[in-house]
Amino acid sequence: MEWNPETLQFLSQCFLHTLSPQPEPRHAAESSLAEAADRPNYGLAVLRLVAEPSVDEQIRQAAAVNFKNHLRTRWVPSNDLNAGPTFSPILDPEKDQIKTLIVSLMLSSSPRIQSQLSEALAVIGKHDFPKSWPTLLPELISNLQKAAQSSDYASINGILGTANSIFKKFRYQYKTNDLLLDLKYCLDNFAAPLLDIFLKTASLIDSTASSPGGGSPATLQPLFESQRLCCRIFYSLNFQELPEFFEDHMKEWMGEFRKYLTTNYPSLESSGDGLALVDQLRAAVCENISLYMEKNEEEFQGYLNDFASAVWSLLTNVSQSSSRDKLAVTAMKFLTTVSTSVHHTLFASEGVIPQICESIVIPNVRLRDEDEELFEMNYIEFIRRDMEGSDLDTRRRIACELLKGIATNYKKKVTDIVSLQIQNLLISFATNPSANWKDKDCAIYLVVSLATKKAGGTLVSTDLVDVQSFFLSVIVPELQSQDVNGFPMLKAGALKFFTTFRGLIQKPVAFQLFPDLVRFLGAESNVVHSYAASCIEKLLLVKDEGGKARYTSADITPCVPVLMNNLFNSLKFPESEENQYIMKCILRVLAVADISSEIAGPCIAGLTSILNEVCKNPRNPIFNHYLFESVAILIRRACERDASLISAFEGSLFPSLQTILANDVTEFLPYAFQLLAQLVELNKPPISPSYMQIFVLLLSPDSWRRSSNVPALVRLLQAFLQKAPNEVNQEGRLNQVLGIFNMLVSSASSDEQGFYVLNTVIENLEYGVISPYMGNIWNVLFMRLQNNRTVKFQKSLVIFMSLFLIKHGATNLVDTMNAVQDNIFLVILEQFWIPNLKLITGAIELKLTAVASTRLICESPVLLDPAAARLWGKMLDSIVTLLSRPEQDRVEEEPEMPDIAENVGYTATFVKLYNAGKREEDPLTDVKDPKQFLVASLAKLSAHTPGRYPQIINENLEPANQAALLQLCGIYNCQIV
Amino acid sequence: MADDSPASHRRDPIKSSVGNVAAQRRRQNAVTVGKERRESLVRAKRLCRVGPSGDGDVPGEENDMVTDEEGFLLDAQTSSAVEDLKSAIAYQGKGAMQKRVNALRELRRLLSKSEFPPVEAALKAGAIPLLVQCLSFGSPDEQLLEAAWCLTNIAAGKPEETKALLPALPLLIAHLGEKSFLPVAEQCAWALGNVAGEGEELRNVLLSQGALPPLARMMLPNKGSTVRTAAWALSNLIKGPDPKAATELIKVDGLLDAILRHLRKSDEELATEVAWVVVYLSALSNFATGVLVKSDAILLLVERLATSNSLQLLIPVLRSLGNLVAGDSHTTSTVLIPGHEITDGVIKVLVKCLKSDHRVLKKEASWVLSNIAAGSIEHKQLIYSSEAVPLLLRLLSTAPFDIRKEVAYVLGNLCVTPTGGDGKPNLIEEHLVSLVQRGCLSGFIDLVRSADIEAARLGLQFMELVLRGMPNGDGPKLVEQEDGIDAMERYQFHENEDLRNMANGLVDKYFGENYGIDE
């Protein structure tokens, strides 16, 4: 793309139209830009447009965004095949020109364009800096010095922002010589100018702040932003280790750091935005001193006392204030680091821990307006933070981390003080419950958060309170409160306590509260009914010693109708339509309760109506998964009890399943096939005609095209082959089944599935039915063997041949193979069966192949022929390896083959339904021990021709295997003569 | 950046869930951005205030503290001393030689007077060309000595001041030769040592001008003070990062023997300087390491470690030992054979260092142990059954961060055997179980929480061992008890892909949500 007036015109028009509210011109412009982006020098042209002062600012902004995204996809093209479409990369000459232009352009542009170009620069820097872009740092530094002379803070902050992004890699990459070389280069060049600008800005702040009125916010703002950026760069440059320059100038840095923690800037801090700006600088300072405290504590030691007291008094103020989260969190993290370091004695003196607890921990744990807002507005996020540990950076959590940190060295003190605080909070609540309810919440939060988790996550303990009495006196009153909607956060806290300490609450106490839990499912608050559901669900999982469930079906069955009713009703609350906690509870109840037909009926109706609803727009995969699991377990358990229910289930479910199939709801297809398989298996032959319609659908190659469907389809096909072998053999259906086998087995990514189909056919159909097809089947397999023989395929082939032999005899196996090509059997045996046999894994597979191989050498005339003695010996050698050595000694993992799916862009994946699962069946129930079978068969065989086999064994088996075989003979008291 | 694609944060499937726990020897990074720790103990540049051979004036009675006023006075005196020197050189009459020496001595006295010599004033007044002139061949020894002394103290100044010596270097090197009066040669070595201490650029100049061989030859005799100065200058000269000088040095005839002799017999002060030479030889040059390992060096280092209590000496000796262990597998495979006396000796001195109060010794001793622990099963058993383990376990929970990290490498290495390729390491169950029972897991989990990503990786690798290797499937319970899940979850969206995959993979594999009924 050449830079000329036409290009300028074309690009300006396009970018203008991308801003159009009308979809047509917008789409047209977007597609012409996408097309132009493939041409060389497109990026350069867009960058020139950004720099063109005559062009409207709005257009240049759009161009700057486009430029950044262009670089992001094309500066270094992704190697990841799954990452989507690949773009043609930007060529080197264009890159060089862009690199020459971008710094000065960025610095001279307006703030919005500057921020886009700065990000674009960071994209380049990520790949090219420093080695392929040696001019960048000198250019930045000379511009920085120029801008500093004229106190041009727009440019200074632009440069510092850029430096900050290109140095970030030092914060997360491993310390290698290459990284250290890059770091050294940056330090040698940038450390001194950074300190210069930092000190210069510091003195500007000092003089401005000490002027009458404390200086105007407009003057101070860019200065504080500049200092913050310097602090972030400090963090990056100091992350790997303490650089010499910074050690030599620690005093200068630390002096200013301390100033920002201890000084107030009233003219800025009087406004919310201004305070946020100063706090951001303070938070950055806290991160820096935490880093020093953790990694360079020896060099930092001299400053520690001052900083500890500065942070402490800062926190005392910040803790009282509602916003200022980030600062509170980073400051508390600093104190936590100190508390667990070798300098923890700072906390040892009398009165320090109580003060920290009172003036820092408690105020930060207390609920704030933001928490209440989140509780009401975004219950999912609230639960994630409150219950599921995504609260790493919340004030409440970090305050508790600080207590835990102090407790590593002063456990007794912390326990005593916190217990006392908890008592005080509860007393305060008791004096005026409706005004002081947050005190009680705070007490509950402390107990729950400071509890120690024990094994398995179900047992927790605490030294702070006596759990039993705390539960009875503090928690139970909340749970028994008749108004399920009053003080919902307190109710949520009580439910969380119950859930957390469920293992410690004795059964009679907990059981008595069960109706209350059921009642809270009707609370309007999403958090409260979710917690109630979660509590019930977790209670049903509690195990007593010995692993027996504490709450059994007899315990809950009486209240199941009400419980189910409330659960389904709570799914009607706004925003809880797809509440995963409730659905998981439904699943758990269905797993435990006795499923009588009185319960099954409403449940299946309820679940199918939800199913029909979510089919329209599958959104929450976790909810949907529990939904399908619930259906599956309901079918399984109800029909186990009463087989006659099956037709009722079919009646309710079929329409939904048909909708899924007919509308091709891709996310749900694997589930639908698994449920159908489950239903087919529960049926007694003859199978109903409605299933045969699905069978027809199953046989269409279209269904198999999506790889995510294949495992579920195989499962369904297996069900049909087992339950309706006769129907399969009609109307050419077997031919279609084998066609599917053929398709699957020809690709390395699906060949295993292909063998599942084939094995099911071999296992379930009479030999007379399949024999006409065998020639064809062998042809397909040999072809694949010729074209692409992965180890996985060869192993599957050995398993298939073994299964065939077990089901239909060695003679049929040998004859059908040799019918394809003379003597091919022995070739396959020598080249594939014998070498791959020792790689077989899995108990059932191992037994199957060992027994089949044993039978082959003991029954098959081909192998008993004296001419085949060597092969006979090698086969036995392989069998003994298989049976005598542990898996890891004989199997080497094949490197995984990248799976190149044909259906790029399809995202649904196969997720197995646990409750619709099929038990693995052992095709060889009459043989228990393959080792015994081997030696017994050999003993019997050798008895006919004494002396012949010991010699073959001697000549063909590895010495270790000869010894192993001898040992086996000893164990089972058999002799090979 | 705000709109980073979510793809970069997705949980990638983990391939081999966790790689080797350190299982190879770790050399210290060749590139360093940190301050050279040696400087706090032994300055890279040294001021010469008392003549090397003990003569000259002892400035003992003078006050070291120089006030601004005195500084100003000193500068003025220096300028006039340089002027005097200039006229003394110009003077050709009777007693010219004595006049020159007197002027030089006056200048040297001024430059030796305080901790902050008036170098700037001397340079400004044009001292260097005069001093170079005074170094010319055939000059009397006393004149050479005084001139070299002046240059020594000028070179001890700021980087630019050191650089000012460039015109003097060829003559300073020339006077190192065997024919020179010994105190002169030693004073020249001192001046050159200061120049070499300045940095890589000046080191390269010195090397190209041939400073190394004569300095090396000065180490051969048994003359205490000369050898000490030469050793110190050499340790500065071979600092690299290019290993060439170190390799060249070890190849000098008789040098290895001299090093061994000094290590065996000399006083602690000299042994310290020689040990620093060994530190740089072994840190930089594989060739030198190979030569040293096959000599008695290890034995001598161990003896020094066992008998000395001087921190100044112990640090370079311990680091030399560590370099020899880390740098050449020969050391662990054929010298430190378990069962041999020397091996027991090494463990014993390392235990001594672990017990010391000084953190550098504890840290370096742990580093050495971690490299020995990366050796054979027998090495691991030897350390495991030594007195070191209880000390290490205590350090893991109480020591400052940098020591804890080194200690963790030792303990981690004790629990695995190296495997070929990139497979997961095999476990030594007995060691793992016992160390975990003695409480080391929480120390490793603390490392996972640290800001240091190497330490975090080590912590995760150890957690993987526990999860995989503790009998009866106890691993997950233990990790959970120590709040390990929480520690791993910090990496869920970490920018370091490797750590992210490791942590997420472990959480998924051992703590993944079980949808099933038998949760």
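Computed quantities for the displayed model
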{"quantity": "Within straight-line cross-link reach of residue A:940, lysines at Cα separation under 27 Å, skipping those fewer than 8 residues along the same chain", "calculated": "A:807, A:838, A:847, A:874, A:928, A:931"}
{"quantity": "Computed Rg/Rh of segment A:315-439, alpha carbon atoms with Kirkwood Rh", "calculated": "0.98"}
{"quantity": "Estimated buried accessible area (total), pair A and B, 1.4 Å, Å² to nearest 100", "calculated": "4100 Å²"}
{"quantity": "DSSP-assigned coil residues among GluC sites (Glu not before Pro) in segment A:558-600, each with at most 12 further Cβ atoms within 10 Å", "calculated": "A:575"}
{"quantity": "Reciprocal of mean inverse Cα separation for segment A:345-413 (Kirkwood radius, Å)", "calculated": "13.3 Å"}
{"quantity": "Relative contact order computed over segment A:315-439 (Cα-Cα under 8 Å; 6+ residues apart), in percent", "calculated": "32 percent"}
{"quantity": "Residue order for A:516, A:929 - accessible surface, 1.4 angstrom probe, largest first", "calculated": "A:929, A:516"}
{"quantity": "Nearest-20 debye value, chain A charge dipole, Cβ charges on Lys, Arg, Asp, Glu", "calculated": "1560 debye"}
{"quantity": "Residue A:152 accessible area, assembled protein chains, probe 1.4 Å, Å²", "calculated": "60 Å²"}
{"quantity": "Solvent accessible area, Å² - residue A:971, 1.4 Å probe, full protein context", "calculated": "110 Å²"}
{"quantity": "Those GluC sites (Glu not before Pro) in segment A:287-375 that DSSP places in a loop and that have at most 12 other beta carbons within 10 Å", "calculated": "A:350"}
{"quantity": "Segment B:225-325 - convex hull of the alpha-carbon atoms, volume per residue in Å³", "calculated": "83 Å³"}
{"quantity": "Alpha-carbon centroids, segment B:443-508 and segment B:122-197: separation in whole Å", "calculated": "58 Å"}
{"quantity": "Whole-number percent relative contact order across chain A, with pairs defined as alpha carbons under 8 Å at least 6 apart", "calculated": "5 percent"}
{"quantity": "Cα long-axis angle, helix A:526-539 against chain A (0 to 90 degrees, to the nearest 10)", "calculated": "40 degrees"}
{"quantity": "Separation of alpha-carbon centers, segment B:315-345 and segment B:369-392, rounded to whole Å", "calculated": "13 Å"}
{"quantity": "Selection from A:88, B:183, A:426 lying farthest towards where the dipole of the protein assembly as shown points positive, charges on Cβ", "calculated": "B:183"}
{"quantity": "Segment B:297-429 - convex hull of the alpha-carbon atoms, volume per residue in Å³", "calculated": "106 Å³"}
{"quantity": "Rg over Rh, two decimals, chain B (C-alpha only, Kirkwood Rh)", "calculated": "1.10"}
{"quantity": "Square roots of 5 times each gyration tensor eigenvalue, C-alpha, segment A:150-307, largest first, Å", "calculated": "27, 18, 13"}
{"quantity": "Å² per residue, accessible surface of segment A:428-584 at 1.4 Å", "calculated": "38 Å²"}
{"quantity": "Residue-normalised accessible area of chain B, given per residue in Å² at a 1.4 Å probe", "calculated": "41 Å²"}
{"quantity": "Alpha-carbon radius of gyration plus Dmax, which is the widest Cα pair, for the protein assembly as shown in Å", "calculated": "39.9, 135"}
{"quantity": "On Cα atoms only, tilt of A:153-167 relative to the major axis of chain A in degrees", "calculated": "30 degrees"}
{"quantity": "Sulfur and carbon atoms: percent of accessible area, segment B:225-325 [1.4 Å]", "calculated": "50 percent"}
{"quantity": "Angle between chain A longest axis and helix A:959-972 axis [Cα atoms, degrees, rounded to 10]", "calculated": "70 degrees"}
{"quantity": "Over chain B, relative contact order from alpha-carbon pairs under 8 Å, at least 6 apart, %", "calculated": "14 percent"}
{"quantity": "Electrostatic dipole magnitude of segment B:225-325 [Cβ: Lys, Arg +1; Asp, Glu -1; Cα centre; debye, to 20]", "calculated": "140 debye"}
{"quantity": "Dipole magnitude of segment A:315-439 about its Cα centre (Cβ charges: Lys, Arg +1; Asp, Glu -1), debye to nearest 20", "calculated": "500 debye"}
{"quantity": "Which listed pairs, of A:333/A:413; A:131/A:259; A:412/B:477; A:507/B:477; A:184/B:113, have C-alpha distances above 31 Å, in listed order", "calculated": "A:131/A:259; A:184/B:113"}
{"quantity": "Those lysines that a straight Cα-Cα span of less than 17 Å connects to residue B:251, excepting residues fewer than 8 apart in one chain", "calculated": "B:239, B:294"}
{"quantity": "Options A:329, A:342, A:352, ranked by Cα towards positive dipole end of segment A:312-405, top entry (Cβ charges)", "calculated": "A:342"}
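The values are calculated or read from the model by the stated rules, or taken from the named source; none is laboratory data. All values reported here derive from a predicted model rather than from experimental measurement. Reconstructed Cβ throughout: ideal geometry from the backbone, glycine too, with neighbour counts over all protein chains shown. What goes into the accessible areas is simple: the full protein's heavy atoms, side chains included, and nothing from ligands, DNA or RNA. Shrake-Rupley method; radii C 1.70, N 1.55, O 1.52, S 1.80 Å.
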